Each structure stands twice: as C-alpha cells, then as structure tokens.
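Notes to accompany the following structure.
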Amino acid sequence: GEDEAMFVEYRKQLKLLLDRLAQVSPELLLASVRRVFSSTLQNWQTTRFMEAEVAIRLLYMLAEALPVSHGAHFSGDVSKASALQDMMRTLVTSGVSSYQHTSVTLEFFETVVRYEKFFTVEPQHIPCVLMAFLDHRGLWHPSAKVQSRTAYLFSRFVKSLNKQMNPFIEDILNRIQDLLELSPPENGYQSLLSSDNQLFIYETAGVLIVNSEYPAERKQALMRNLLTPLMEKFKILLEKLMLAQDEERQASLADCLNHAVGFASRTSKAFSNKQTAKQCGCSEVYLDCLQTFLPALSCPLQKDVLRSGVRTFLHRMIICLEEEVLPFIPSASEHMLKDCEAKDLQEFIPLINQITAKFKIQVSPFLQQMFMPLLHAIFEVLLRPAEENDQSAALEKQMLRRSYFAFLQTVTGSGMSEVIANQGAENVEQVLVPVIQGAVEYPDPIAQKTCFIILSKLVELWGGKDGPVGFADFVYKHIVPACFLAPLKQTFDLADAQTVLALSECAVTLKTIHLKRGPECVQYLQQEYLPSLQVAPEIIQEFCQALQQPDAKVFKNYLKVFFQRAKP
C-alpha cells in the first residue's frame, strides 16, 4: 500500500545518489557493489530477504549507473566486464532463485533479463535459468504478481537469446503446454495464467518456432500443434454462444472467443521481413485460422467483442499473409458493415485503409464494389439525430468524419481515384460534398487539413482539360470557395498549430488549381470570386501576384497574412 509507494519513491532518490557516485568514481562503486553482492550471496540461505533483495538490486542498478551502448557490459573494459561476469555467474549458480520471498525472486528474473548478453558469453548457464522460469520459481509461482511479471520477462529473455534457444525449443514448448490452455467459463477450470499473461506465452511460443533452425515442414507442424487447440475450442464455444440465453454467459463466452483470436494474433508477431509466414511454411495454418474465426462476424450476439478480435486478426494477417488474405476480405467486410454503430465503422475503416495502401490496384474491384455501401453506412450514422447536448455522440460523429476523410485520403493517395470516378457523376458529388463541408463547416483543424489534402490531390488528378466531365465546374463552384470560406471563419484560429497546417494544405490546393487551370483561374478570382467577397481591388491584385509566384512557400506565407487582415 502507501508504505510501499513511499519506499519506492525513497529508493528512486537513493538511485540518483548511486548514479552520481558512479560519475565520481565508477571503480569504487563497482568494487563496493561486488563486495556486498558476494558476501550476501555466499550465505543467502541465512540472510534476511531485504538484504538478499538489495544485493541483487545493486547489481541490477549497475547497468544504468555504468552505462554502455547496446547492453555490451561483457566486452570492452576488461576489469569491469570480468567483475560483472563474475557476479552474474554467482547469481545464476548460487541457487538464490529459490529464495522464498517474492521480492528476491522478482529481482533475480529482472536481473538475468537485463544482463541477457552474459548468456552469449557463458551459454552453459542458459538451461538453469530456463528451468527457473519454467518451474515454481517463475511461471508456476504461487504469487500472481511473480507469474505475471515472469511471463513478460520470459518473453523478453527468449527473444533476446533466440539464436541460443534452438537446443531447448521442443522442451520449452512441452513445458509451457499447460499455460496455453484456453479456459472456457463453464467448466470452473481457471487457467494458470491470466489471459493478458497468456498473450506473452503465445508470443514466446511463436518466436521459438519461427526463429528456430528447423526446416519449414517442422515449423509448420509445431505451429499447427500450437494453434489447432485454439481453433477447435473456438468452434465449440461459438456454437455454445449461438445457443446461450443468459446475457452474462453470452458475455463470458464472447470474451473467451476473443481471447482465442487474440492468442492466435499474438503468435504472428514472430514473423518478419526475413522470416515471412510463407518461408516458414505457416501460411496454411493461419489461413485455417481465418476460416475458423470469420464465421464469428455473422454471430448476432456480442457483436462488439467478436468483431473487434477478428478485425485485429485481419490487420495482422494482411501483414503476414500478404495477398493470400485477399479472398477473405469481401465477405468479412460485408458482415462488418451490417448493423453498424459509429464506433464499428471507425474501427473498420483503418482495415480498409491498410488493404488499400498495401495492395493498391490489386484490390480495385473489391473497393469498387464496396465503396458506396461503406459510404451509405457512414452517412446513415452521421445523419442520425442526436440530443443537442449529447457530448459523446458529437465526439463519435467527429471521429467518424475524420475516419471517412482518412479513407478518401488513402484512396486518392494510393492512385485509386478511378474508384471514385467510376461511381457515376451523381455519386461522385455525394462523395465530395461532405469533403467540402469538412473543410469549411466543422471547427476541426485535423479534419480540415485532411479535406484540403484530398481536394488538392483530386485537382492534381482531375483538374486539367481532360478531367471528368463537370469537375472543372465543381472546382469553381465548391473547391475555390472552400479555400476562402474556411479560413474566414471565426473558429479558424491562426494561432493554433493544427489550424496553421490546415491553412498550409489550403494554400497547396489553391496553387494546384492555378497550376491545372492556368490564367483562367486567375481571371475567375480577379473578376468574379474575390470581388464577390468585397475584397479591395489592390488586395486582389496583390493576391493574384502571390498566387502566380513559382515559390509555393511565398504564397503560403502570404495567405496567412491575407486572412489575418481579412478577418473582422
């Protein structure tokens, strides 16, 4: 409680002193710590827990007090390296990891992970430390606090020493088998670890398999052994959820299903550019997972929880499976667009953005087909009436608008503007009018900036003589006015950094219109639009000269001054 918090604070102050002593005399500090450490660990069985804990803690603190780059404590300065090596050897061979007090146990694990480079110098000590992690001292410790921290530290230990892990992989996987159990709510069986800690164990198992030196077939077999129990349990639990009447039971079943998907997602973190799922022979296993998990999207119960888990899994699979994931996207999207709330759409759009940005032209047919249904779902939510002072509904709509604009920015920025153009003239206007409104009507500079980026991109692509029919009219009727009406609003605060970025994109839009439409644009501003805003003739002249400057920066700076003067 409070005493412990005060102690932690006190210890932080002492650490500052220790670090200063290290700056004054590193040799003295090293010698003193070594003396305390060695004498304490010699008789740890008869030492009080506070003394055992502080002896290991001092060794732990040396890493920060005597810093080196990339944790290279065991190379370079010979006397320092040999002193630290000597203390680490004592730590792992003394048996102090068996001390019957949680603070000593935790300090032991924190220290072996901090000095993981020791085990590349003396790898013969890896088995005894692995055993400490994998028995009652670590992951099977009676204290939940120790279990929890050890799960995280074990994951770090394995990742940092993955080259040295090869001889122990199968043994480790066998020993952690029980910790991987998914605990369904109805059998009263409580998993040994909490689901948050199980995530670390699944990730560790994935790392061991993927980084092993086994051939692809063996990796695939091990990954299948790891994920098949999850898939089997998932199918059974989903059937039970469909039949469940009681809401509490529905919620606990959905949580358990979500954990299963989360565990499978976490194993995929082991893949990298060098070790892809394909190279490891694991694509097939994850495709099976996709086929197992996707039916959850059509479950009418506990939609939020289930969709959230499957969506996260899809994000991971887009990275790991690349184009092999594409056949699953249309039906998944169709289910996720059914009965949507603002939050569902907000979380679904980044998935579409990720697919669009990654696969570009490959997903053009899918985007084409899904574009208007997605827009209708978004507009339907945005147009729902809400109480005037309902802050959370207003915020949800604001975030959904931002997501919509981010989606259009991804589509236009990925060279996929044809997808919009192919929706037909009426629909194109339906797509773009909200962008004009986003630029002008809502006091949200983040959204305004995105809207101007979209508009300038579309002008760049379609603003020339060979652009879509009617787009030139749209430029003069909507885009040019937006570039003036937005900054003239009282809510457009030129002292705010985000607003200045929005103004900068507004300047880019005007420059792009001038670039694509040439003298016609200057003539329109000079003779029609700016006079309609009651701008004085000499200022109009000045504005048009700044617009025609080749240096875009000059125009950006001028625009800020122009609107500062123009505001009442």
Exactly one condition in (1) closer than 22 Å to P443 by Cα; (2) free of Cβ contacts under 8 Å to residues at least 60 places away in the same chain is false for Q490; which is it?
(2)
In this structure, does A386 turn out to be part of a loop (DSSP other than H, G, I, E, B) and either in contact with a helix residue (DSSP H, G or I) (Cβ under 7 Å, 6 or more places away or on another chain) or in contact (Cβ under 8 Å) with a residue 24 or more places away in the chain (or both)?
yes
I need every pair where a residue in the stretch 204-229 that is on the phi < 0 side of the Ramachandran plot and β-branched (V, I, T) has its Cβ under 6 Å from the Cβ of a residue that is open to solvent by 50 Å² or more (accessible area, probe 1.4 Å) and not in a loop (DSSP other than H, G, I, E, B), sequence separation at least 6 or different chains.
V207/K159
Of everything in the stretch 92-116, what is surrounded by 16 or more Cβ atoms within 10 Å (Cβ to Cβ) and without any contact (Cβ under 8 Å) to a residue 40 or more places away in the chain? Give them in sequence order.
V92
Turns out the helices (runs of 4 or more DSSP H) fully within the stretch 450-563 with at least 3 residues that are open to solvent by 20 Å² or more (accessible area, probe 1.4 Å) and over 30 Å from N427 (Cα atoms) are 497-517, 537-547
Criterion violated by E64 - all others in (1) touching a helix residue (DSSP H, G or I) at 6+ places or on another chain (Cβ under 9 Å); (2) open to solvent by 50 Å² or more (accessible area, probe 1.4 Å); (3) farther than 20 Å from V121 by Cα; (4) modelled with pLDDT of 95 or more satisfied:
(4)
Condition test on R89, is it assigned to a helix (DSSP H, G or I), within 30 Å of I172 (Cβ to Cβ), open to solvent by 40 Å² or more (accessible area, probe 1.4 Å) and touching an Asp or Glu at 6+ places or on another chain (Cβ under 9 Å)?
yes
Across the stretch 199-218, what is the number of residues that are more than 15 Å from F271 (Cα to Cα) and among the β-branched types (V, I, T)?
1
Number of positions in the stretch 217-242 that are under 21 Å from Q291 (Cα atoms) and open to solvent by 70 Å² or more (accessible area, probe 1.4 Å):
7
For the subset of the stretch 167-184 comprising residues that are open to solvent by less than 50 Å² (accessible area, probe 1.4 Å), more than 17 Å from M131 (Cβ to Cβ) and of a type outside the set (S, T, Y), which member is modelled with the lowest pLDDT?
P184
Of all residues in the stretch 413-443, how many are open to solvent by 50 Å² or more (accessible area, probe 1.4 Å) and assigned to a loop (DSSP other than H, G, I, E, B)?
5
Determine whether L106 is modelled with pLDDT of 95 or more and under 26 Å from S25 (Cβ atoms).
no
What number of residues within the stretch 273-292 satisfy the criterion of being open to solvent by 30 Å² or more (accessible area, probe 1.4 Å), in contact (Cβ under 8 Å) with a residue 60 or more places away in the chain and part of a loop (DSSP other than H, G, I, E, B)?
2
Confirm whether L41 is closer than 24 Å to S97 by Cβ and either exposed (fewer than 10 other Cβ atoms within 10 Å of the Cβ) or of a type in the set (A, V, I, L, M, F, W, C) (or both).
yes
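The values are calculated or read from the model by the stated rules, or taken from the named source; none is laboratory data. Keep in mind it's a predicted model, so treat the numbers as computed, not measured. All Cβ positions, glycine included, derive from the backbone under ideal geometry; neighbour counts span all protein chains shown. Side chains included, ligands, DNA and RNA excluded: accessible areas come from the protein's heavy atoms. Shrake-Rupley method; radii C 1.70, N 1.55, O 1.52, S 1.80 Å.
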